[in-house]
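Attaching a single structure in structure tokens format; questions to follow.
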Amino acid sequence: MDNIYYPRGTVVTDIKEDTPTIKTFHFELDEPLTYKAGQFMQLTVPGIGEAPFTPSSCPGEVREMEITVLQTGRVTDALHNEIKVGDRLGLRGPFGKGYPMERFAGKEILIVGGGVGLAPLRSLIYALFDRIDDFKKISICYGAKTPHDLCFRDEFDEWTKKPNTSLNLTIDNPHPDWDGTVGLVTCLLEKERIDVDIKNSYVVSCGPEVMLKFVTLKLMDVGFKANQIYLSMNRRMSCGIGKCARCNIGPYYLCKDGPDMCYEDIKDYPNVFE
Amino acid sequence: MDIYFLPKDELTELIEILRETGKVFWTRERDLPSNLENIRTIRIEELDEEYIMDYRVPGLRAYDIFKSFLLPLNFKVAEYPDKKWIDVELNAKKTVLLGLKSCDLVAFSMLDAVFLEDPEFMDPFYKKNRESIVIVSSDCSRIGDSCFCNLLGNTPYATSGFDLNISEVSDGYLLESGSPLGEEILEELSLPGARKKGIEERDKRREKVLKDLEKQNSKFLKAFSDLSKLVSEGYYRDEGWEPGSTCVSCGACTNVCPVCYCFTLFDRFDKKGEKSKRFMVWDSCQYKGFSQMAGGMNPRFPMMERFKNRYYHKFFRFYERYGKYKCTGCGRCIDNCLGDIDMREVLASVKIGKVVK
Ligand SMILES: Cc1cc2nc3c(=O)[nH]c(=O)nc-3n(C[C@H](O)[C@H](O)[C@H](O)COP(=O)(O)OP(=O)(O)OC[C@H]3O[C@@H](n4cnc5c(N)ncnc54)[C@H](O)[C@@H]3O)c2cc1C
Ligand code: SF4
Ligand code: SF4
């Protein structure tokens with residue numbers, strides 16, 4: 001009998017420090033698994049516990065996986081402070097629905113990330129790159145606190161070399177090491193700045209919930225419809241399988257029906273944004 | 001299935017057969033000097049020889065819940081050493097539960113829907129526990145102040161979901177089997193078939209209890225029939241929640257509820273620090289930390305948001321997914337509420353419909 005609570009084994013093969021508070025862990029899985037962009041995993045640190053993460057690596061049938069982690073609590077502290085290359089961790093999953101890639105096909109995709117929120121989006125970005133001819137355009141808007149808090153900086157050049165792909169960055173406050181845009185990520189979405197065919201596009205956003213709120217308001221303001229906006233509602237989850245009942249919005253279980261939700265589907269329910 | 005007659009003094013024989021079937025837990029009404037503690041007098045306990053001779057199946061649901069036989073307060077769901085990852089061994093012995101009421105069985109059927117019948121994720125621990133219990137239910141012969149099963153379309157007697165059901169009549173008991181195992185037990189007792197008169201008396205008693213319930217809850221009839229409106233519209237309004245304002249987020253209501261099953265997975269090392277163990281632990285949506293996230297953000301804050309969510313979950317979200325309200329009408333949450341809140345009054349007060357923004 002399959003034990004749905006039991007974590008499968010995986011070994012850490014590399015750890016990369018993206019920012020002072022964010023690390024990317026590279027895993028080799030004991031057993032291969034298949035996951036779609038937007039699906040997430042429950043990562044176990046033995047004896048400490050589990051936390052949900054959306055892999056930041058390219059989806060598909062994989063033997064390896066990357067997970068990018070912001071240090072913020074019990075499990076993530078242990079990951080940052082104690083886990084070394086060679087250590088064995090556990091994984092459950094994949095869980096959730098994943099992005100509706102078929103609906104996205106043929107459209108322009110606007111990706112809006114904040115902080116570590118670019119990590120789950122990176123997996124989507126790779127998935128889009130994988131079949132880049134299916135998409136009219138990929139516009140990435142990314143914001144972080146300081147230049148040193150931007151994840152995956154060493155990959156940005158490669159991303160912008162892809163056909164029809166643009167990347168716009170911003171940081172919250174002026175900084176000596178930065179001569180680019182300054183302001184919250186919403187400033188990249190101002191009408192005169194976004195170069196997107198609004199009628200023919202979908203937006204995907206991931207970041208802190210306050211950011212999602214203001215991104216959504218801005219998007220609606222510049223003319224997007226609620227059914228074009230997909231938000232990563234990455235709330236506290238325990239089981240990942242729609243049973244423990246802490247991650248719901250309206251009739252939805254974010255762990256099963258999401259975590260990426262179309263704003264149209266959730267907008268009228270209580271407690272959507274804090 | 002056929003119905004048989006068990007003379008009053010032969011109840012002990014039935015109990016003896018149940019004891020051979022497995023470890024028996026029964027509900028027993030204790031003799032307490034005062035009526036004040038009334039709701040706490042019927043308790044679930046392991047069968048005690050001392051009381052077998054005088055045992056009578058209580059006429060009302062127990063103060064405690066049978067949920068813990070399927071989902072214990074905490075139990076190990078995984079154990080993993082550093083290098084080799086192994087599954088936990090599953091073992092559960094046969095357990096006979098005696099004295100469940102119709103509402104207890106309704107609760108089991110809801111838990112089954114969540115943990116057993118979900119085509120994607122079946123819980124192996126629940127399954128094992130579920131398969132190991134033998135259910136001997138009994139009709140309610142009286143009602144409690146907080147009982148409102150009738151408002152949810154349930155009856156104070158069970159018609160399915162049991163191995164055996166006991167109905168008390170004037171000179172003994174009518175026994176009905178609901179499974180091959182129940183049938184076997186009845187065969188062993190070799191009882192005479194119930195007479196028409198006996199069955200008529202049973203039906204009359206049943207009707208009387210149902211009538212009592214209808215009378216007690218008549219003023220809440222509308223509130224509960226309006227629930228179908230909630231299901232079709234999907235929203236509560238913000239007004240009308242005043243009856244819940246005394247909630248102190250103690251979580252008693254969810255802990256005593258036979259169908260509340262929120263849990264959290266909790267890991268820790270064993271004493272030597274060599275193996276890790278994962279436990280499934282009861283949790284409560286009424287606790288502040290239930291949905292709190294790293295960084296302190298909490299989508300269910302303040303208290304009233306959690307309070308509303310419990311109702312919303314029971315009467316809308318659960319219905320959306322499982323086609324039934326997540327409440328049996330047993331009234332335990334009413335009996336145990338520190339804020340003295342009556343679910344019926346809350347439902348009678350809230351307004352259904354979209355919040356106007
Ligand atoms: C689908 C999904 C995908 C995600 N993807 C990523 C990702 O790619 N990268 C990333 O960095 N993060 C991601 N996250 C967020 C990540 O899961 C959290 O940061 C992580 O769970 C924090 O875990 P922790 O154990 O370190 O923090 P915790 O110690 O659990 O702290 C979390 C918060 O929960 C509260 N809390 C914890 N335990 C209790 C308790 N027993 N009682 C009361 N309150 C308690 C505390 O208030 C604390 O602030 C994702 C989340 C989801 C849901
Ligand atoms: S919500 Fe209250 S009345 Fe309904 S099943 Fe739970 S404890 Fe019983
Ligand atoms: S038992 Fe009453 S006071 Fe306690 S959390 Fe439930 S509703 Fe609130």
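The values are calculated or read from the model by the stated rules, or taken from the named source; none is laboratory data. Note that the coordinates shown come from a computational prediction; the quantities given were computed from them, not determined experimentally. Note that each Cβ is placed from the backbone with ideal geometry, even for glycine, and that neighbours are counted across all protein chains shown. SASA here: full protein model, heavy atoms, side chains in, ligands and nucleic acids out. Shrake-Rupley method; radii C 1.70, N 1.55, O 1.52, S 1.80 Å.
Relative to the first principal axis of the alpha-carbon coordinates of chain A, what is the inclination of helix A:209-222, with its axis defined by its Cα atoms, in degrees from 0 to 90 and to the nearest 10?
Tilt of helix A:209-222: around 30 degrees.
Can you tell me the orientation of helix A:118-130 relative to chain A, as the angle in degrees between its alpha-carbon axis and the longest Cα principal axis, to the nearest 10?
With both axes taken from Cα atoms, the answer is about 80 degrees.
When all C-alpha to C-alpha distances in the stretch A:101-232 are sorted into bins of 10 Å, what percent of pairs does each bin hold, rounded to whole numbers?
Binned Cα distances yield the sequence 13, 48, 34, 5, 0.
Taking the Cα centre of the stretch B:3-216 as origin, sum charge times position over the Cβ atoms of Lys and Arg (+1) and Asp and Glu (-1), and report the length of that vector in debye to the nearest 20. Don't jump to the answer; show the numbers that get you there.
Values: 30 positive and 42 negative charges, 119 e Å.
That gives the stretch B:3-216 a dipole magnitude of about 580 debye.
Please express the Cα-Cα pair-distance distribution P(r) of the stretch B:201-357 as a list of whole percents, one per 5 Å bin, running from 0 to the bin with the greatest distance.
1, 8, 14, 18, 18, 15, 9, 6, 5, 3, 2, 1, 0
Hey, what does the equivalent ellipsoid look like for the stretch B:3-216, semi-axes from the Cα gyration tensor as sqrt of 5 times each eigenvalue, largest first, whole Å?
Values: eigenvalues 199, 84, 65 Å².
Square roots of five times the eigenvalues give 32, 20, 18 Å.
Then there is this: Find, to one decimal place in angstroms, the Kirkwood hydrodynamic radius of the stretch A:208-274, where the mean of 1/r is taken over every pair of different Cα atoms and then inverted.
It works out to 12.2 Å.
Also, quick follow-up: What are the ³J(HN,Hα) values, in whole Hz, obtained from phi via the Karplus relation 6.51 cos²θ - 1.76 cosθ + 1.60 with θ = phi - 60°, for each residue of the stretch B:219-231 in sequence order, with x given for Gly and Pro?
Here the 3J(HN,Hα) series is 6, 9, 4, 5, 3, 7, 6, 5, 4, 5, 5, 4, 5 Hz.
Please report the antiparallel percentage of DSSP beta bridges with both residues in chain A, rounded to the nearest 5. Could you put the intermediate results ahead of the total?
On the way: 36 of 61 bridges.
For chain A, the DSSP antiparallel bridge percentage is about 60.
Additional query: Ordering B:Met110, B:Met53 by how much accessible area each has at a 1.4 Å probe, largest first, what is the list?
B:Met53, B:Met110
Then there's this: So, in Å, what gap is there between the alpha-carbon centers of the stretch B:261-311 and the stretch A:74-138?
First find each Cα centre; the distance between them is then 26 Å.
Here is a follow-up. For A:Asp260, enumerate residues with amide H under 5 Å from its amide H, sequence gap 5+ or separate chain, H modeled in the peptide plane.
Those lying under 5 Å, H to H, from A:Asp260 are A:Lys97, A:Gly98, A:Met233.
Using a 1.4 Å probe and ignoring any ligands, DNA or RNA, find the accessible area of B:Met293 and quote it in Å² to the nearest 10.
Solvent-accessible area, nearest 10 Å²: 30 Å².
Report ³J(HN,Hα) in whole Hz for each residue of the stretch B:345-353, in order, from the Karplus equation J = 6.51 cos²θ - 1.76 cosθ + 1.60 where θ = phi - 60°; Gly and Pro get x.
In residue order, the calculated couplings are 5, 4, 5, 6, 9, 6, 10, 9, x Hz.
Which of B:Val248, B:Val259, B:Val134 moves most in a GNM of chain B, Cα contacts under 10 Å?
Maximum fluctuation in the GNM of chain B, among the listed residues, is at B:Val248.
Charges on Cβ only, +1 for Lys and Arg, -1 for Asp and Glu, centred on the Cα centroid of the protein assembly as shown; of A:Gly113, B:Ile185, A:Asn227, which one is farthest towards the dipole's positive end?
Checking the options against the dipole of the protein assembly as shown, the answer is A:Asn227.
Not counting ligands, DNA or RNA, and with a 1.4 Å probe, what is B:Arg19's accessible surface area in Å² rounded to the nearest 10?
My reading of the accessible area for B:Arg19 is about 80 Å².
By a straight-distance test (C-alpha under 19 Å), which aspartates and glutamates pair with A:Lys136 as possible cross-link partners, with residues fewer than eight away in the same chain excluded?
A:Glu102, A:Glu108, A:Glu158, A:Asp195, A:Asp197
Tell me the carbon and sulfur percent of the accessible area for the protein assembly as shown, rounded to whole percent, probe radius 1.4 Å.
Numbers: 13380 of 27400 Å².
Reported share for carbon and sulfur atoms: 49 percent.
Among all cysteines in chain B, which have no other cysteine Cβ under 4.7 Å from their own Cβ?
Lacking a cysteine Cβ partner under 4.7 Å: B:Cys140, B:Cys147, B:Cys149, B:Cys247, B:Cys250, B:Cys262, B:Cys285, B:Cys327, B:Cys337.
How large is the charge dipole for the protein assembly as shown, taken about the Cα centre, if only the Cβ atoms of Lys, Arg (+1) and Asp, Glu (-1) carry charge, to the nearest 20 debye?
On the way: 87 positive and 97 negative charges, 290 e Å.
Result for the protein assembly as shown is approximately 1400 debye, rounded to the nearest 20.
Moving to a separate point now. Given an 8 Å cut-off on Cα distances and at least 6 residues of separation, report the relative contact order of the stretch B:223-352 as a percent. Each step should come with its number before you reach the end.
Details: 174 pairs, mean separation 52.8, N = 130.
Reported as a whole number, the value is 41 percent.
From zero up to wherever the largest Cα-Cα distance of the stretch A:8-95 sits, split into 10 Å bins and tell me the percent of pairs in each.
Here the calculated profile for the stretch A:8-95 is 18, 59, 23, 0.
If the only charges are +1 at each Lys and Arg Cβ and -1 at each Asp and Glu Cβ, what is the size of the charge dipole of the stretch A:27-72 around the Cα centre, to the nearest 20 debye?
Numbers: 2 positive and 7 negative charges, 40 e Å.
Using only the charged Cβ atoms, the result is roughly 200 debye.
Looking at chain B as a GNM with Cα springs under 10 Å, which of B:Cys140, B:Cys103, B:Cys262 has the largest mean-square fluctuation?
Looking only at B:Cys140, B:Cys103, B:Cys262, the largest GNM fluctuation is found for B:Cys262.
Provide Rg and Dmax in Å for the protein assembly as shown, with only Cα atoms included in the calculation.
Calculated on Cα positions, Rg and Dmax stand at 28.4, 94 Å.
Okay, moving on. Can you put B:Ile42, B:Ile334 in order of accessible area, largest first, using a 1.4 Å probe? Could you put the intermediate results ahead of the total?
Values: B:Ile42 5, B:Ile334 25 Å².
Final ranking, largest accessible area leading: B:Ile334, B:Ile42.
Two decimals is fine: what is log10 I(q)/I(0) at q = 0.10, 0.12, 0.14 Å⁻¹ for chain B, from a Debye sum with one equal scatterer on every Cα and no solvent?
Taking Cα atoms of chain B as identical point scatterers yields -0.70, -0.98, -1.25.
Just the Cα atoms of chain A, one point each, no solvent: what log10 I(q)/I(0) does Debye give at q = 0.11 Å⁻¹?
Treating every Cα as an identical point scatterer, log10 I(q)/I(0) equals -0.60.
Further question on the same structure: Amide H of B:Tyr235: which non-local residues (sequence gap of 5 or more, or other chain) have their own amide H closer than 5 Å, using H built in the peptide plane?
Answer set, sorted by chain and number: B:Gly353.
Still on this structure, please answer the following. Pairs B:Lys128/B:Lys196; A:Lys23/B:Lys314; A:Lys213/B:Lys288; A:Lys199/B:Lys229; B:Lys127/B:Lys277: which exceed 29 Å Cα-Cα? Don't skip to the end; give the middle numbers.
Working: B:Lys128/B:Lys196 39 Å; A:Lys23/B:Lys314 40 Å; A:Lys213/B:Lys288 22 Å; A:Lys199/B:Lys229 36 Å; B:Lys127/B:Lys277 20 Å.
Going by Cα-Cα distance, B:Lys128/B:Lys196; A:Lys23/B:Lys314; A:Lys199/B:Lys229 fall outside the 29 Å limit.
Once you've got the GNM for chain A with C-alpha springs shorter than 10 Å, pick whichever of A:Cys187, A:Cys151, A:Cys244 has the biggest mean-square fluctuation.
Greatest mean-square fluctuation among the candidates belongs to A:Cys244.
Give me D for the stretch A:87-149 in µm² s⁻¹, whole number, from Stokes-Einstein with Rh from the Kirkwood sum over alpha-carbon pairs, 20 °C and 1.002 mPa s.
Numbers: Rh = 13.6 Å.
The diffusion coefficient I find is 158 µm²/s.
Once the dipole of chain A is set up with Lys and Arg at +1 and Asp and Glu at -1 on Cβ about the Cα centre, which of A:Phe273, A:Phe135, A:Leu29 lies farthest towards its positive end?
Result: A:Phe273.
Could you list which residues have their amide H under 5 Å from that of A:Val204, counting only those 5 or more apart in sequence or on another chain, with H placed in the peptide plane?
A:Leu110, A:Ile111, A:Val112, A:Tyr230
Where a Cα-Cα gap under 17 Å defines reach, which lysines qualify for A:Lys36, not counting those fewer than 8 residues away within the same chain?
Straight-distance partners of A:Lys36: A:Lys97, A:Lys256.
What do you reckon, how do B:Lys204, B:Lys314, A:Lys191 stack up by accessible area (1.4 Å probe), largest on top?
Numbers: B:Lys204 150, B:Lys314 5, A:Lys191 130 Å².
Reading off the accessible areas and sorting them downward yields B:Lys204, A:Lys191, B:Lys314.
Mind jotting down the distance between the C-alpha centroids of the stretch A:233-274 and the stretch A:140-171, whole Å?
Using only Cα atoms, the two centres lie 28 Å from each other.
Taking only C-alpha pairs under 8 Å that are 6+ residues apart, what is the relative contact order of chain B in percent?
Values: 617 pairs, mean separation 74.6, N = 357.
The value is 21 percent.
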